[in-house]
1. Looking only at strands (runs of 3 or more DSSP E) that fall completely inside the stretch 377-466, which ones have 1 or more residues that are closer than 29 Å to residue 50 by Cα?
2. Determine whether the stretch 114-126 contains at least one residue that is part of a helix (DSSP H, G or I), of a type in the set (D, E, K, R) and surrounded by 20 or more Cβ atoms within 10 Å (Cβ to Cβ).
3. Looking at this structure, is residue 470 in the same structural domain as residue 392 (by TED's automatic domain parsing) and either surrounded by 18 or more Cβ atoms within 10 Å (Cβ to Cβ) or assigned to a helix (DSSP H, G or I) (or both)?
4. Answer yes or no as to whether residue 476 is of a type outside the set (D, E, K, R), modelled with pLDDT under 90 and part of a helix (DSSP H, G or I).
5. Residue check, residue 155 against (1) part of a helix (DSSP H, G or I); (2) farther than 30 Å from residue 258 by Cα, all met but one. Which one?
6. Suppose the filter is among the aliphatic types (A, V, I, L, M) and either in the same structural domain as residue 338 (by TED's automatic domain parsing) or under 24 Å from residue 353 (Cβ atoms) (or both); does residue 445 pass it?
7. Spot the failing condition for residue 357; the list is (1) at pLDDT 95 or above; (2) in contact with a Phe, Trp or Tyr (Cβ under 8 Å, 6 or more places away or on another chain); (3) buried (at least 20 other Cβ atoms within 10 Å of the Cβ), and only one is missed.
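The values are calculated or read from the model by the stated rules, or taken from the named source; none is laboratory data. The model shown is predicted, which means the values in this text are computed figures rather than measured ones. For neighbour counting, all protein chains shown are included, and Cβ atoms are generated from backbone atoms with ideal geometry for every residue, glycine included.
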Amino acid sequence: MSDTYRSDLDGAALVEFVERTSTSLDALAPFLDDLNALRGSDFDTGTNAARSLAAIKRMVDRSGGAPESASATMEALTIYSRSAAQGHVGLLITNVLAALAKVAKHETIRPIDLRAFLVSLPETIKGSFSQPASELMDMASAAAEVAKDTPDPIDAVHIMIGHASMVSQDALIEATSGWINPGACVLSVMISALHSVYERSGNPLSVVQDMMRSLAQTAAGLRDHSPEPHRGAEFSVDFHVDFMREDFEEFRQMLTNRGLRFSLQGSADALGMGTWRFHIDTATPSSVLPRTGWVRHIVVKDARYGELIGYDELAVQQEASGVLYLSRPTWQRPETVRVIALLRHEHFLEEVASTGAHVVLNPISQDAVVISELMLSAPAGVSLVLAADEDAEQVAKRAEKLAKLSRDIVVVKDEYPLSDVAVSVCAAEAAPIFMPQVGDRTQSVTTSILESSVRRAKGRVVILDDLDPDTVNNQLVQLIGYGLERVIMMTPRPDPLLRHAIEMALEQRNASTFIEDVRAEPAQVVLVNG
């Protein structure tokens, strides 16, 4: 066998595998996003795949030092992916890496280890999704058959992985009649990237990209574009949870019985305790959060793409000044600005998520990694972080420091006072804004727009912390004016005296605003004016 080809993969080769996959997915991201748009699916499979691999690369770079053994490297790559991968496709990527980690028990991945990995692919795909796509299953099964048919000893492992890559591509081609499954494209890229590492050549990845370009010709005439996410999939909910196996099985069955689309990744130990990550499409985010186990890293997002949420703040400003602004080109799916809302109370979850903000519910210090990746993937490197309380504010500061270890970014801070209601008002003001497209000035203009939007929003919010009923009544009589939109009474338990004081103040000023009664701490009364 020629020395040109690898027979085993050490830690450095596995890092190279991630880098090759990342480079290819970065180039294919717009193409894969367009495929999503044809089906009205997630609209961001390509972007999420590229961002997932970029996040893994950042964490590898941040860890420093030379790559270790194959087993240590794959364990680290799986942990990085589980913490930072995005969307359904991110969990597919994580599951594939976890399957490779499962067979990597030595200094290198040996030929028999790679064969075991390929044989495991059908079960890996099946366990990744509530309803795995037939294209993915066909590809995984085809690759597994090649591995099963490869006799011992495996003298040319590069031929085995090359054959597996080829038959998986053939399976994708045969399963494609018009629309191409973007998740299947990602799996094809990952297998081809492995092939390219064994061959020490970029040719296998060039071949798979040519195959996708060829398939795209058959999709050119498709016009099955859906302007909205599928019914019942208006939000995406992502979280980690520690469960006993029986609790996990019960929760997964509940999601299945409700007909929800979800992805998952994780496993249990010998005692039945495990950690899983879920990514769920739903119309009611709160209803899919587990009520048992330790639930954390909760991120909720409106599933619509920016064009359906946003408005062009820059264009509005220019029109108001009487200037016709022509520098901003029209995009097929223009991006909205990145707003990260660190929310404390579930009551406000859906209203904040529906603004287009990325909502991190009940943030803890470990969420700094998740938040830092949201900062790093923000358009133009600019994000607005809205914190509901001082603890959330500290998590945001930690995330910013972590993000800046990778590259320079701009983080626009929230302003006092801090409250879940203030987060909601600011998110509604800022999150729908389209990214300005002004060349080298994009970052500075975006920063300015976000800062001004926060100032406007905070000017509409009044928070009362002294909740003595007489004091509240006197303050409200002075504060309530025309344009009052909301009155929110946030208390840890029902407080009829406080509610009566608010009602008396509203009656005295002839205001008919409904009082929202929310169980929360710290106790506050919040007014939102128009």
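1. Hits in the stretch 377-466: 382-387, 410-413.
2. yes
3. Criteria not met by residue 470.
4. yes
5. (1)
6. yes
7. (2)
Rundown of residues vs (1) over 18 Å from residue 513 (Cβ atoms); (2) touching a helix residue (DSSP H, G or I) at 6+ places or on another chain (Cβ under 7 Å), yes/no style:
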| position | (1), (2) |
| --- | --- |
| 433 | yes, yes |
| 439 | yes, no |
| 448 | yes, no |
| 454 | yes, yes |
| 460 | no, yes |
| 464 | no, yes |
| 480 | no, yes |
| 488 | no, yes |
| 501 | no, yes |
